[in-house]
């Protein structure tokens, strides 16, 4: 059985897998139940494109982390570093460069997107090999992850990941500035 460090990680895994026909699954229904003394999340959906039913059962760690975190100090066994970086990029892309025109509700949503992006970025760092500055090529096991690595392996260095995280922190600070009376 697949094992996730958190419900958030399990959901991301399912969302990234989508359907075998190439269609991504939007919102996947899930339920939680106890099995053999552990909590198991069962995700099920029917592909809107081909009609195939997708079902995943994923055991959840007894030590849950609060969102936006995906897991504890160890790297994921479900989602690879390229998938986490892609997820981070997608979340950050939801935030406009100029946030001065955003109202309070939009600022809150943008801040949540950046926090999610940062949490995904934190996961990439967990794959960095001890004593090195980079994520090893063998950590990329999914097609998406391998494609992200091939496209730009330099994005998977500690230096680059720290610079990206710093830019997200600047964005969060901008979102926490008071809204001017002109907005």
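Bear in mind that the values in this text are calculations on the coordinates, not laboratory data. Note that the coordinates shown come from a computational prediction; the quantities given were computed from them, not determined experimentally. Ideal geometry is used to build each Cβ from the backbone, glycine not excepted, and the neighbour counts take in all protein chains shown.
Counting pairs of alpha carbon atoms under 8 Å apart in space and at least six apart in sequence, what relative contact order in percent does the chain give?
20 percent
Compute the angle between helix 158-175 and the longest alpha-carbon principal axis of the chain, please, reported from 0 to 90 degrees and rounded to the nearest 10.
Relative to the chain, helix 158-175 is tipped by roughly 60 degrees.
Sort 63, 108 by Cβ crowding within 10 Å, fewest neighbours at the top.
So the residues, fewest neighbours to most, are 63, 108.
Using only Cα atoms, find the angle between the long axis of helix 81-92 and the longest principal axis of the chain, and express it within 0 to 90 degrees, rounded to the nearest 10.
With rounding to tens, the tilt is 40 degrees.
When only C-alpha pairs under 8 Å and at least 6 residues apart count, what is the relative contact order of region 2-60, in percent?
35 percent
Which of rounded, prolate, oblate describes region 81-175, given a ≥ b ≥ c as roots of the alpha-carbon gyration tensor eigenvalues and a/c under 1.5 marking rounded, otherwise prolate only if a/b is larger than b/c?
prolate
Relative to the longest principal axis of the chain, what angle (0 to 90°, nearest 10) does the C-alpha long axis of helix 104-125 take?
Helix 104-125 sits roughly 60 degrees off the main axis of the chain.
Short version: what are the Cα gyration tensor semi-axes of the chain, square root of 5 times each eigenvalue, largest first, in whole Å?
Equivalent-ellipsoid dimensions as semi-axes: 29, 22, 17 Å.
Of 61, 77, how do they rank once you tally other Cβ atoms within 10 Å and put the fewest first?
77, 61
Along the Cα→Cβ direction, 7 angstrom out, place labels at residue 163 and residue 30. What is the inter-label distance in nm?
Calculated label separation equals 3.4 nm.
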